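The values are calculated or read from the model by the stated rules, or taken from the named source; none is laboratory data. On a predicted model such as this, the values are computed, not experimentally measured, just so you know. Cβ placement follows ideal geometry from the backbone for every residue including glycine, while neighbour counts extend to all protein chains displayed.
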Amino acid sequence: MVYSFELIKHANIRYRDSLVVLSRCELFAMLFRLGISAEIREESMGGSRFLTIDCRELSDSEIAFLSGHSSFVFMAEKTNGLLRPLPVPDSGYLPEDLPEVLKYKGKTSASFTRMMINTASSLSGFRHSETPLIFFDPVCGKGTGCFCAAEAGMNAVGLDLDKKDIREASDYFSRYLKLHKLKHEQHDRSETVSRHSLPLTEFIFADTKEHFRSGDTRFLRFSCGDTMESPVLFRKGKAHIIAADLPYGVQHAPQSGSRPDSLQHFLSRVLPVWKSVLAPGGVIALSFNTLTLPSADVREALTHAGFKLPDNDIFLGLKHDVEQAVVRDLIFAFNSEEESVI
């Protein structure tokens, strides 16, 4: 069977040309999760870009899973050059507008964040888990990563040093749950660390009233604190996926004591801590601005912290323009003892 997937026409023209490369990487990972090895071809039809594969017939559940790709407009069977659109159910646990509504300067796009999460979860050792995965963003800002994870039906934990950002993320999610009349509970508490405590807001929610009543729920937790204190948030269970959009420049510079920290030194400090809260078999995805943090430095830091980098070339060459001052790269790495990963 030949299947074609139309890609969105991204509003950011600088980003549009890189979308095919990123989408191919994401599709490769999702096919890997399904146990499918297929050549992924780029095609142009009717002025739109498509990714096309030739593989065995896909089941309805597999089609529904692939429909969660971050950049697909629609999916179709291709026969004799003609496309037959496939019916695709809504695959989201929560409405897809959840990570889109909150707008602010410097926000990482929800589609790119979904790409990071889809790829990382499909590559992880927990890709066939029947229980919800735990997602962690250790520099979460206003929570786009956590909202994308919640939309996909994962549990999510977000940590950031900026009290205002954490408060805004928590307030937004509280309003969102009420607006959509989603059954939920909200609890404010704290986690003790050394001589102080980390304030934490926890939401317990479900996609339907029936699921909430039966205890089939998810959680989202926002905490304000230093990312070095991440282990406090994972005393009862580790994360399966970590995704972080690293600081882009001086205005977002991490702090070490009272002085701005270099991004390289920041990574060398935090990666061992992040690895300690990531379950064996888990995957970390890091995006960053190569104009302030070279890709080679990130790879070296990941390797030094004990992460394994993928061997497949499809995970190289993901560098792309975002705007004039940002040339972003994306690196995936595994918390694995195996010498060779994918």
### Message
Quick test for you: out of 179, 159, pick the one residue that is assigned by TED's automatic domain parsing to the domain that holds residue 269, of a type in the set (A, V, I, L, M, F, W, C) and in contact (Cβ under 8 Å) with a residue 24 or more places away in the chain.
### Response
159
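Go over the candidates 170, 174 one by one and state the one that is assigned to a helix (DSSP H, G or I), hydroxyl-bearing (Ser, Thr, Tyr) and either crowded, with 16+ Cβ neighbours inside 10 Å or not assigned by TED's automatic domain parsing to the domain that holds residue 129 (or both).
On inspection, the qualifying residue turns out to be 170.
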#### Entry: Out of 50, 74, 32, sole residue that is touching a Pro at 6+ places or on another chain (Cβ under 7 Å) and in contact (Cβ under 8 Å) with a residue 40 or more places away in the chain
74
### Task
For segment 310-322, state whether one or more residues are touching a strand residue (DSSP E or B) at 6+ places or on another chain (Cβ under 6 Å), under 14 Å from residue 241 (Cβ atoms), in a strand (DSSP E or B) and of a type outside the set (Ser, Thr, Tyr).
no
### Task
Confirm whether residue 113 is more than 19 Å from residue 206 (Cβ to Cβ) and of a type in the set (Val, Ile, Thr).
yes
### Task
Hey, could you check segment 1-15 for residues that are out of contact with any helix residue (DSSP H, G or I) (no Cβ under 9 Å at 6 or more places or on another chain) and assigned to a strand (DSSP E or B) and say which is surrounded by the fewest Cβ atoms within 10 Å (Cβ to Cβ)?
2
### Message
I'd like to check something: does segment 198-213 contain any residue that is without any contact (Cβ under 8 Å) to a residue 24 or more places away in the chain and touching a strand residue (DSSP E or B) at 6+ places or on another chain (Cβ under 7 Å)?
### Response
yes
